[in-house]
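Report on one structure; see the data block that follows.
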Amino acid sequence: MPSREQATLGGGCFWCLEAVFQRLHGVERVVSGYAGGTVANPSYEAVCSGSTGHAEVAQITFDPAVIGYREILEIFFAFHDPTQLNRQGADVGTQYRSAIFHHTDAQRETASSVIDALTRERVFDRPIVTEVAPLTAFYPAEAYHQDYYRLHTSQPYCQAVIAPKVAKLRKAYADRLKPETGDR
């Protein structure tokens with residue numbers, strides 16, 4: 001079997017990241033979950049309380065021959081605001097922090113390089129506050145969080161927050177998308 005890599009990223013609500021990354025050619029699997037905390041096997045309720053230290057993350061399994069880790073990170077930074085500390089829009093708390101949980105030293109170096117380039121190019125008006133830390137553990141979120149946007153496209157949060165990100169993805173990255181899956 002060809003080699004696969006994983007990226008574990010936090011950029012606000014994991015439903016948003018999942019909806020973006022599962023549409024990209026070369027991405028084979030996206031699992032919503034939790035990383036960066038101190039409690040084993042946390043529940044959504046515990047993570048939302050802020051007491052576990054976890055971030056909501058998407059763990060992305062991808063084929064590096066089709067889409068590289070640097071491109072994954074460039075798309076990640078295009079779909080959340082890495083200058084907001086412990087929040088994304090109306091979602092507030094440490095569980096919504098911007099974070100890159102690297103699996104290898106090479107991923108750490110790539111993350112630092114991408115952040116340095118974005119800073120040098122002044123892509124954002126404020127400093128990037130994305131946490132870059134080693135992945136120590138990943139815990140998949142409860143089943144009802146998986147594939148959330150596809151299963152709940154008409155839900156108000158999905159319409160107000162996720163649908164615009166998916167529309168932006170389709171416009172800005174049309175050449176990187178998988179064939180349509182039938183959802184909006």
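Of the listed requirements (1) in a loop (DSSP other than H, G, I, E, B); (2) open to solvent by 10 Å² or more (accessible area, probe 1.4 Å); (3) of a type in the set (Val, Ile, Thr), THR119 misses just one: (1). Going through VAL47, VAL30 one at a time, which residue ends up being assigned to a helix (DSSP H, G or I) and either under 17 Å from PHE101 (Cβ atoms) or open to solvent by less than 10 Å² (accessible area, probe 1.4 Å) (or both)? It is VAL47. Considered as a group, the residues in the stretch 171-184 that are exposed (fewer than 13 other Cβ atoms within 10 Å of the Cβ) and modelled with pLDDT of 90 or more include one that is nearest to PHE77 (Cα to Cα), and that residue is ALA172.
Hey, could you check the stretch 99-111 for residues that are among the β-branched types (Val, Ile, Thr) and touching a residue at least 12 places away in the same chain (Cβ under 8 Å) and say which is surrounded by the most Cβ atoms within 10 Å (Cβ to Cβ)? Looking at residues that are among the β-branched types (Val, Ile, Thr) and touching a residue at least 12 places away in the same chain (Cβ under 8 Å), I get ILE100.
Among the residues of the stretch 59-69, those that are open to solvent by 40 Å² or more (accessible area, probe 1.4 Å) and either in contact with a strand residue (DSSP E or B) (Cβ under 8 Å, 6 or more places away or on another chain) or over 15 Å from TYR173 (Cα atoms) (or both) comprise PRO64, ALA65.
On inspection, THR153 fails the criterion of being part of a helix (DSSP H, G or I) and surrounded by 13 or more Cβ atoms within 10 Å (Cβ to Cβ). What about VAL114, is it in contact with a helix residue (DSSP H, G or I) (Cβ under 8 Å, 6 or more places away or on another chain) and either farther than 26 Å from GLY53 by Cα or hydroxyl-bearing (Ser, Thr, Tyr) (or both)? For VAL114, the condition - in contact with a helix residue (DSSP H, G or I) (Cβ under 8 Å, 6 or more places away or on another chain) and either farther than 26 Å from GLY53 by Cα or hydroxyl-bearing (Ser, Thr, Tyr) (or both) - is not met. In the stretch 148-155 there is no residue that is aliphatic (A, V, I, L, M) and modelled with pLDDT of 95 or more. A single member of VAL92, VAL132, VAL166, VAL114 is among the aliphatic types (A, V, I, L, M) and open to solvent by 60 Å² or more (accessible area, probe 1.4 Å), and it is VAL92. Within the stretch 85-98, no residue that is of a type in the set (Phe, Trp, Tyr) sits with its Cβ atom under 7 Å from a residue that is part of a helix (DSSP H, G or I) and open to solvent by less than 30 Å² (accessible area, probe 1.4 Å) at 6+ positions apart or across chains.
The values are calculated or read from the model by the stated rules, or taken from the named source; none is laboratory data. Quantities reported herein were computed from a predicted structural model and do not represent experimental measurements. Don't worry about glycine lacking a Cβ; one is built from the backbone with ideal geometry, like all the others, and counts go over all protein chains shown. Heads up: the accessible areas ignore ligands, DNA and RNA and are worked out on the full protein's heavy atoms, side chains in. Shrake-Rupley method; radii C 1.70, N 1.55, O 1.52, S 1.80 Å.
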